[in-house]
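Trainee: So that we are looking at the same thing, I have put the structure below in structure tokens.
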Amino acid sequence: QVQLVESGGGLVQAGGSLRLSCAASTHSLSGYAMGWFRQAPGKEREFVAGLRWFNGNTYYADSVKGRFTISGDSDKSTMYLQMNSLKVEDTAVYYCAATFQIGLVTASAEYDYWGQGTQVTVSS
């Protein structure tokens, strides 16, 4: 069982930046891939970015490429999402998730563990 706790959400103006954190309860992250998802009101949860701990590979949804950066600190068992040039349409609850599958996993159904979510609101 892996517990995930997100933090760092908040209210920011369009064009601004936020950094989300996701602390994991395990230090054995090399066996996992982790990702960030988001869900806006009335919409389905969507993949944002992913990180494969064992080789450091990262991958992104087209909508955030060039603006968001996913990273991880294995010593702290923490994953980050640096979000720059935020847009109003980035407003959503952001969730971190972990999966035993170490491929390029973008489907939410493939993830085994989820955090509680953190709200990101971007104002115009």
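The values are calculated or read from the model by the stated rules, or taken from the named source; none is laboratory data. Here the structure is a predicted model, which is why all the values come from computation and not from measurement. Here Cβ is always computed from backbone atoms with ideal geometry, including for glycine, and neighbour counts include all displayed protein chains. Accessible surface is based on the protein model in full, side chains and every heavy atom, while ligands, DNA and RNA are left aside. Shrake-Rupley method; radii C 1.70, N 1.55, O 1.52, S 1.80 Å.
Trainee: Placing unit charges on C-beta atoms (Lys and Arg positive, Asp and Glu negative, everything else neutral), compute the dipole magnitude of the chain about its Cα centre in debye, rounded to 20.
Mentor: 200 debye
Trainee: Between Q82 and Y59, how many nm apart are label points set 7 Å from Cα along the C-beta direction?
Mentor: In this crude label model, Q82 to Y59 measures out at 2.3 nm.
Trainee: Another question about this same structure. What net charge do the residues around F100 carry, taking every other residue with its C-beta under 13 Å from that of F100, with Lys and Arg at +1 and Asp and Glu at -1?
Mentor: Around F100, the surrounding residues sum to -1.
Trainee: Among the GluC sites (Glu not before Pro) in segment 6-107, which ones are in a DSSP loop with at most 12 other Cβ atoms within 10 Å of the Cβ? Mind listing them?
Mentor: E44
Trainee: Roughly speaking, what is the stretch gain from A109 to Q39, that is 0.36 nm per residue apart minus the C-alpha to C-alpha distance, in nm to one decimal?
Mentor: 23.8 nm
Trainee: How much accessible area per residue does segment 1-120 have, in Å², with a 1.4 Å probe?
Mentor: 49 Å²
Trainee: Can I ask one more? Might you report the magnitude of the Cβ-based charge dipole of segment 25-83 about its Cα centre, with Lys and Arg at +1 and Asp and Glu at -1, to the nearest 20 debye?
Mentor: Its charge dipole is roughly 120 debye.
Trainee: On a full-extension model of 0.36 nm per residue, what is the gain between S28 and S124, subtracting their alpha-carbon distance, rounded to one decimal in nm?
Mentor: Additional length available on full extension: 30.5 nm.
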